[in-house]
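Asker: Supplied in structure tokens, the structure appears directly below.
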Amino acid sequence: MNTKQLPDGNSSWKKIALFLISQNISLFGSSVVSFSIIWYITLQTSSGKWVMLFTLCALLPQVLISLWAGVWADRYNRKYLIMLADGFIALATLGMAIAFFAGYQSMELLLAVSLIRSIGAGIQMPAASALYPQIVPREKLTKVQGINQTLNSVLLLLSPAVGGIVLGSVGILWAFLIDVITASLAIAVLSFIRIEKVAAITEPATVFAELRQGIDYVMSHRLLRRVIICFGVSFFLFTPAAVLTPLLVERSFGGDVWRLTANEMVWTIGSLLGGVFVSLRGEFKDKIRTVAICLAGFGVTFALVGITSNFTVYLLIMGIAGFFLPIMSTAQTVLIQENVEAAMMGRVFSLIQIVTGSAMPMAILFFGPLADIVSIGSILWVTGVLLIAVGVLYQVTSKRAGLN
């Protein structure tokens, strides 16, 4: 990798700190408004169809825009691309707030703005992931990603509570305004960082030609091929645990709200502890082995979740499963950042976003109806065993190829 690394000094850490602050402020506002919208739709309609439509509007545009977002992240200054995406999201949310204030409160408007916000997020994410190696010294990538995962977990723990309080006490209009304010703050903080545009490897071509370059780059790279396949298969197998566990709790332990809340919280707390562990450790020498161990860890915990009959034990196992998430995510992300040319980084992360963003909707179309035919516990047990196999296969094939 020929990225020019910054010296590990005070100026470098100041730039890193400002970038982390900017991105997590933006994440917090987006999370608050996302929870507020989904709960508002649920309370207003009590309709699974509307919840499904919101989920599709919130996820699918990110996948589709990624076809272009990765090229833009490699072609233009990533800092300004992130700022423009944040501004685009803030303007859409502000427009929705004005419409709601004027009395035009329709479900269709919420879906339309959610779609627009998803497009902005799809542009922002590859650019943000690709920017880290520009400002973080190579030997500090794992530590910084661990800090970021910890901050993400804290904010994702707080944002449902804040969204619920705002929606219940002052209404959804104020949730929109929180997002506008946090996006504006994120843009302001990021404006203080000086980041240069990465030099292109070749002369700019059409967007689709550059996208094809990114696909060819990934497919000709032994390590990246394995990483992409690992992402796709693992996210497909993660889906039952990510989507069906609330239904499992309701069917097996009871539909009390506190049980469903506890189910969400223990996973986030586990992820928070995992992020702290990564931050303190600072580096994983064999990142492929780390990912393989985490996949096996997910497999064991998901399989145990599928067979446990005690709710306290269930929560403990789910917390342990959450612990593996930031470790695997950090190791896999840093592995990519260390092995990809700077000028190709955006396209590689956009392709990963396409794979992961497509895997879960495809999986839920399969596992959702299946959950009405066989027990969710059986689904979790089988996917858990398959995840263990994926982890072992990932380690063995990568070792044979001389990769680490």
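Asker: Of all residues being part of a helix (DSSP H, G or I) and β-branched (Val, Ile, Thr) in the range 325-349, which is nearest to ILE388 (Cα to Cα)? Just the residue, please.
Answerer: Here the answer is ILE327.
Asker: Residues that are within 19 Å of THR333 (Cα to Cα) and either out of contact with any Gly (no Cβ under 8 Å at 6 or more places or on another chain) or open to solvent by less than 10 Å² (accessible area, probe 1.4 Å) (or both): does the range 92-110 have at least one?
Answerer: Scanning the range 92-110 turns up no residue that is within 19 Å of THR333 (Cα to Cα) and either out of contact with any Gly (no Cβ under 8 Å at 6 or more places or on another chain) or open to solvent by less than 10 Å² (accessible area, probe 1.4 Å) (or both).
Asker: Among what's in the range 180-235 and is among the polar types (S, T, N, Q) and either over 30 Å from SER114 (Cα atoms) or open to solvent by less than 30 Å² (accessible area, probe 1.4 Å) (or both), pick the residue that is modelled with the lowest pLDDT.
Answerer: Within the range 180-235, the match that is modelled with the lowest pLDDT is THR202.
Asker: Let me spell it out: the conditions are (1) modelled with pLDDT of 80 or more; (2) surrounded by fewer than 23 Cβ atoms within 10 Å (Cβ to Cβ), and LEU43 meets all of them except one. Which number is the exception?
Answerer: Just one mismatch for LEU43, condition (1).
Asker: Condition first: more than 21 Å from the chain's Cα centre (by Cα) and over 20 Å from GLY168 (Cα atoms). Can you find one or more residues in the range 49-59 that meet it?
Answerer: Yes, the range 49-59 contains a residue that is more than 21 Å from the chain's Cα centre (by Cα) and over 20 Å from GLY168 (Cα atoms).
Asker: If I go through the range 237-256 residue by residue, how many of them are more than 16 Å from ILE317 (Cα to Cα) and open to solvent by less than 40 Å² (accessible area, probe 1.4 Å)?
Answerer: Counting residues in the range 237-256 that are more than 16 Å from ILE317 (Cα to Cα) and open to solvent by less than 40 Å² (accessible area, probe 1.4 Å) gives 3.
Asker: So which residues in the range 151-164 are at pLDDT 80 or above and open to solvent by 20 Å² or more (accessible area, probe 1.4 Å), if there are any at all?
Answerer: Hits for the range 151-164 are LEU151, ASN152, VAL154, LEU155, LEU158, VAL162.
Asker: If a residue has to be among the charged types (D, E, K, R) and either in contact with a Leu (Cβ under 7 Å, 6 or more places away or on another chain) or not in a helix (DSSP H, G or I) (or both) to count, how many in the range 251-296 make the cut?
Answerer: 5
Asker: Please find, within the range 350-377, the residue that is surrounded by the fewest Cβ atoms within 10 Å (Cβ to Cβ) out of those that are part of a helix (DSSP H, G or I) and either free of Cβ contacts under 8 Å to residues at least 24 places away in the same chain or of a type in the set (Asp, Glu) (or both).
Answerer: PRO369
Asker: Now for a different question. With ILE119, ILE123 as the choices, which residue is in contact with a Pro (Cβ under 7 Å, 6 or more places away or on another chain), in a helix (DSSP H, G or I) and closer than 30 Å to ILE336 by Cα?
Answerer: Of the residues listed, the single one that is in contact with a Pro (Cβ under 7 Å, 6 or more places away or on another chain), in a helix (DSSP H, G or I) and closer than 30 Å to ILE336 by Cα is ILE119.
Asker: Let me ask something else. With respect to LEU272, determine if the residue is of a type outside the set (S, T, N, Q) and within 25 Å of VAL233 (Cα to Cα).
Answerer: Spelling it out, LEU272 is indeed of a type outside the set (S, T, N, Q) and within 25 Å of VAL233 (Cα to Cα).
Asker: Name the residue, out of MET265, MET344, that is of a type in the set (A, V, I, L, M, F, W, C), farther than 22 Å from LEU237 by Cβ and surrounded by 20 or more Cβ atoms within 10 Å (Cβ to Cβ).
Answerer: MET344
Asker: May I ask you to verify whether PHE54 is part of a helix (DSSP H, G or I), open to solvent by less than 30 Å² (accessible area, probe 1.4 Å) and closer than 28 Å to GLY368 by Cα?
Answerer: Taking the combined requirement at face value, the residue satisfies it.
Asker: Between residues in the range 205-234 that are under 21 Å from LEU64 (Cβ atoms) and assigned to a helix (DSSP H, G or I) and residues that are open to solvent by 60 Å² or more (accessible area, probe 1.4 Å) and among the aromatic types (Phe, Trp, Tyr), which pairs lie under 6 Å by C-beta distance while being six or more apart or on different chains?
Answerer: Going by the 6 Å Cβ cut-off, the qualifying pairs are VAL207/TRP68.
Asker: So which of ALA343, ALA296, ALA292 is in contact (Cβ under 8 Å) with a residue 60 or more places away in the chain, under 20 Å from the mean Cα position of the chain (by Cα) and farther than 20 Å from GLU139 by Cβ?
Answerer: None of the others qualify; the one that does is ALA292.
Asker: Does any residue of the range 379-388 turn out to be modelled with pLDDT under 85, more than 23 Å from the chain's Cα centre (by Cα) and open to solvent by 20 Å² or more (accessible area, probe 1.4 Å)? Spell out how you get there, then give the answer.
Answerer: Of the residues in the range 379-388, the ones modelled with pLDDT under 85 are none.
No, that holds for no residue.
The values are calculated or read from the model by the stated rules, or taken from the named source; none is laboratory data. Bear in mind the structure is a predicted one, so any value in this text is a computation, not a measurement. Cβ coordinates were reconstructed from backbone atoms using ideal geometry, including for glycine residues, and neighbour counts include every protein chain displayed. Surface accessibility is based on the protein's heavy atoms, side chains included, excluding ligands, DNA and RNA. Shrake-Rupley method; radii C 1.70, N 1.55, O 1.52, S 1.80 Å.
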